[in-house]
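First the structure, in the form of structure tokens, and then the observations on it.
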Amino acid sequence: MSKYVIVGASAAGIGAVEAIRDVDPVGSITVISEELCPQYSRPMISDFVSGKATFQKMMCREDDFWNKNNVQALTGRTATSLNFTEKYVALDKGERVSYEKLLIATGGKPFVPKMEGTDKEGVFTFTSISDAERLAAKLENSKNAVVIGAGLIGVSVTEALVKRGLNVTIVELQEKILSLLLDSKGSDIIENVMRKAGVTIITGQSVQRIVGKPENDRSVGSVILTKGDQIPCDAVIVAIGVVPRTELVTGTEVKLNRGIIVDNYMQTNVPDVYASGDVAETYDFTLNQNRLLPLWPLAVAEGKVAGCNMAGKKTEYSGGTNMSSLKYFGIPVISIGITNPKEETAYEILVKHEPEKNLYKKVVLKDNMIIGITLVNDVERAGTLFHLMKNRINVKKFKHELISENFSLAMLPAGLRKTMCLGCA
Amino acid sequence: MKRIIANEEVCMGCGLCEVYCTVQHSKSKDIVKAYNKESPRPISRVRLEVAKPVSFAIQCRNCEDAPCVSACLSGAMTKDEKTGLVTHNKDKCIGCWTCVMVCPYGALKTDVSGKVVAKCDLCQELETPACVANCPNRALTVKEVKP
């Protein structure tokens, strides 16, 4: 019997443990994780592959995090089923862990499309440290890699592979890379720096099948694209995206859409059962609706909200949105909210574009409120813009300064300056 | 915990806060050497915000529920439970700028290396932070607050 049981010990699980301990220093916590050492930063797996970070550097919490927080960490274990009537989690070897409050923080798993050849040796997904370790080992004797998918994960693994000296071809079904984050002006800048680094970018196509080597069909030898081109390679990284790991609740009374449906207290429809992180559909304040937002910082924040509520401190989630900060081939990029609206006439769009400096700034306004932010190669003011956006501040009086070099907190209305900057509680 | 409070009514916008912050975070701690000899020159952790006639200086607020700590991908940004200080570990920082994305104050800056974040540390080795001690018109003051 454990007062709190958490299935999954990555971002959301870690956030939940910290929040529970803030509220309840003594209630027993059990965490179940398939991984042996789960408190590492998943976004850093590319740094592991490139050689920039050791596994030790990837520890995003102290080595004794579980002990220090008096958590019973069942690592290397799998939760196999849930029983909401008797309130327990069944584990792989048949044991049961009873709970008073349960958090499902099982995260996501890489999406691998149905395609011939994905079972060959040399095909990798890229979301966990074990993926990264397998890939890093393979690179010792690889020369050419194909990355399928040019989103967050695909571009970051591409950079790691380039740093390891491989020839990389990245294949993206959309017409531009990073299409969920950037418009074409923004992605052009990143495409250019990638090409300069030697990456071959193929857009508007996908990989149709993966073909074995002539001498060994079990091992990756090339990929064939939708238009028929064949690209020789010895490693293929599938980085199309992640899907929620909902298998634990499939067929139970927990309501599911694409992910687990939760309210703003991270509660599911089943009493005492909460969900957070990549497995849950959480509130997007830009779209004013819940949806999958599989992003590390949001998962931590959602886990904290779940933890507070599980421990009895009623806490409402203020919401997240599609927001990412990245650095690709030395160029910092921050993208938040609706950065590339389809019907441009419905919005006011402020743009500063200096491609020779790799500089691009774009703020999307609706009714004088910020709903989208793109900053490429000058990101220092991102947080203030994000604050104005999230708090729906009317920026009419200073909107033309938002993308200027001179933008400053001193431009904010006096009332906002006082509450935000000067008094500061 | 100390918190630095800015009073825009008496700020002259002279920028000495930035100068003395730079000196305090230099190797020599000497204003002439820091500005003329140290290359690259250390950056100021405090930022003078100007939109004339308004000006004031701002640095890390050590927020109670610090968004930078929660968002940090690598665990470099932590909040000391006892002192309330938000502390940044350069060795763990990966320069992803996720903290920059969520700090309302723009208090996190790119360090001179371009690879990690630099932030106010409230001048731990000084009785009074350098920006406060050297503000000629007492537009910056220190208030003791509960961590």
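Residue by residue, here is whether (1) among the basic types (Lys, Arg); (2) closer than 25 Å to B:Cys96 by Cβ; (3) in contact with a strand residue (DSSP E or B) (Cβ under 9 Å, 6 or more places away or on another chain) holds:
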| position | (1), (2), (3) |
| --- | --- |
| A:Glu35 | no, yes, yes |
| A:Tyr40 | no, yes, yes |
| A:Ser46 | no, yes, no |
| A:Phe55 | no, yes, yes |
| A:Cys60 | no, yes, yes |
| A:Ala73 | no, no, yes |
| A:Gly76 | no, no, yes |
| A:Thr80 | no, no, yes |
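Among the strands (runs of 3 or more DSSP E) confined to the range A:329-425, the ones with at least 3 residues that are away from chain B (no Cβ under 11 Å) and within 23 Å of the chain's Cα centre (by Cα) are located at A:359-366, A:369-376.
Contact annotation: residue pairs with Cβ atoms under 8 Å, 6 or more positions apart or on different chains, pairing a residue in the range B:36-63 that is at negative phi with a partner that is polar (S, T, N, Q) and surrounded by 23 or more Cβ atoms within 10 Å (Cβ to Cβ), are B:Arg45/B:Gln59; B:Val46/B:Gln59; B:Arg47/B:Gln59.
Among A:Glu380, A:Glu401, which is the only one that is out of contact with any Leu (no Cβ under 7 Å at 6 or more places or on another chain) and farther than 24 Å from A:Ser318 by Cβ?
Numbers: A:Glu380 fails: farther than 24 Å from A:Ser318 by Cβ.
From the options A:Glu380, A:Glu401, the qualifying one is A:Glu401.
Picking from residues in the range A:312-338 that are β-branched (Val, Ile, Thr) and surrounded by fewer than 21 Cβ atoms within 10 Å (Cβ to Cβ), the one that is nearest to A:Gly154 (Cα to Cα) is A:Ile331.
Which members of the range A:123-137 meet the condition of being buried (at least 17 other Cβ atoms within 10 Å of the Cβ) and in contact with a strand residue (DSSP E or B) (Cβ under 7 Å, 6 or more places away or on another chain)? If the condition is that a residue be buried (at least 17 other Cβ atoms within 10 Å of the Cβ) and in contact with a strand residue (DSSP E or B) (Cβ under 7 Å, 6 or more places away or on another chain), then A:Val123, A:Phe124, A:Thr125, A:Phe126, A:Thr127, A:Ile129, A:Asp131, A:Leu135 are the ones that fit. Selection over the range B:70-87 of residues that are out of contact with any helix residue (DSSP H, G or I) (no Cβ under 8 Å at 6 or more places or on another chain) and more than 8 Å from every other protein chain (Cβ to nearest Cβ) gives a count of 8. Looking across the range B:2-24, the residues that are on the phi < 0 side of the Ramachandran plot, surrounded by 14 or more Cβ atoms within 10 Å (Cβ to Cβ) and in contact with a strand residue (DSSP E or B) (Cβ under 8 Å, 6 or more places away or on another chain) come down to B:Lys2, B:Arg3, B:Ile4, B:Ile5, B:Ala6, B:Asn7, B:Glu8, B:Cys11, B:Cys17, B:Glu18.
Can you give me the number of residues within the range B:82-99 that are touching a residue at least 24 places away in the same chain (Cβ under 8 Å) and either of a type outside the set (S, T, N, Q) or surrounded by 24 or more Cβ atoms within 10 Å (Cβ to Cβ) (or both)? Steps first, answer last, please.
From the range B:82-99, those touching a residue at least 24 places away in the same chain (Cβ under 8 Å) are B:82-88, B:90, B:93, B:98-99; that's our starting set.
If we keep only those that are either of a type outside the set (S, T, N, Q) or surrounded by 24 or more Cβ atoms within 10 Å (Cβ to Cβ) (or both) as well, we get B:82, B:84-86, B:88, B:90, B:93, B:98-99.
Matching residues across the range B:82-99 total 9.
Taking into account only those residues within the range A:204-249 that are among the small types (Gly, Ala, Ser) and part of a loop (DSSP other than H, G, I, E, B), which is nearest to the chain's Cα centre (by Cα)? So the residue we want is A:Gly241. Taking the conditions (1) at pLDDT below 95; (2) within 11 Å of another protein chain (Cβ to nearest Cβ) in turn, A:Ser46 satisfies each one other than (1). Here B:Glu144 meets each of (1) over 28 Å from A:Glu62 (Cα atoms); (2) charged (D, E, K, R); (3) within 13 Å of chain A (Cβ to nearest Cβ) with one exception, condition (3). Among the residues of the range B:66-80, not one is basic (Lys, Arg) and either surrounded by 23 or more Cβ atoms within 10 Å (Cβ to Cβ) or closer than 17 Å to B:Glu18 by Cβ (or both).
Looking at the range A:206-224, can you tell me whether even one residue there is within 30 Å of A:Ser318 (Cα to Cα) and among the acidic types (Asp, Glu)? I'd like the intermediate steps shown before the answer.
The first filter runs over the range A:206-224 and keeps only residues within 30 Å of A:Ser318 (Cα to Cα), leaving none.
The answer is no, given that none of the residues of the range A:206-224 is within 30 Å of A:Ser318 (Cα to Cα) and among the acidic types (Asp, Glu).
Tell me, which residue of the range A:78-89 that is part of a strand (DSSP E or B) and closer than 17 Å to A:Asp272 by Cβ is nearest to the chain's Cα centre (by Cα)? It would help to see each step written out before you state the result.
So the first thing to find is which residues in the range A:78-89 are part of a strand (DSSP E or B), and the list is A:79-83, A:88-89.
If we keep only those that are closer than 17 Å to A:Asp272 by Cβ too, we end up with A:79, A:81-83, A:88-89.
Details: A:Ala79: 23, A:Ser81: 26, A:Leu82: 26, A:Asn83: 30, A:Tyr88: 29, A:Val89: 27 Å.
Of everything passing the filter in the range A:78-89, A:Ala79 is nearest to the chain's Cα centre (by Cα).
Considering only residues in the range B:47-65 that are under 15 Å from the mean Cα position of the chain (by Cα) and more than 7 Å from chain A (Cβ to nearest Cβ), the one that is surrounded by the most Cβ atoms within 10 Å (Cβ to Cβ) turns out to be B:Ala57. The condition (being in contact with a helix residue (DSSP H, G or I) (Cβ under 7 Å, 6 or more places away or on another chain), within 28 Å of A:Ala275 (Cβ to Cβ) and at pLDDT 95 or above) is satisfied by just one residue among A:Ile153, A:Ile129: A:Ile129.
The values are calculated or read from the model by the stated rules, or taken from the named source; none is laboratory data. The model shown is predicted, which means the values in this text are computed figures rather than measured ones. In this analysis, Cβ positions are derived from the backbone assuming ideal geometry, glycine residues included, and neighbour counts consider all displayed protein chains.
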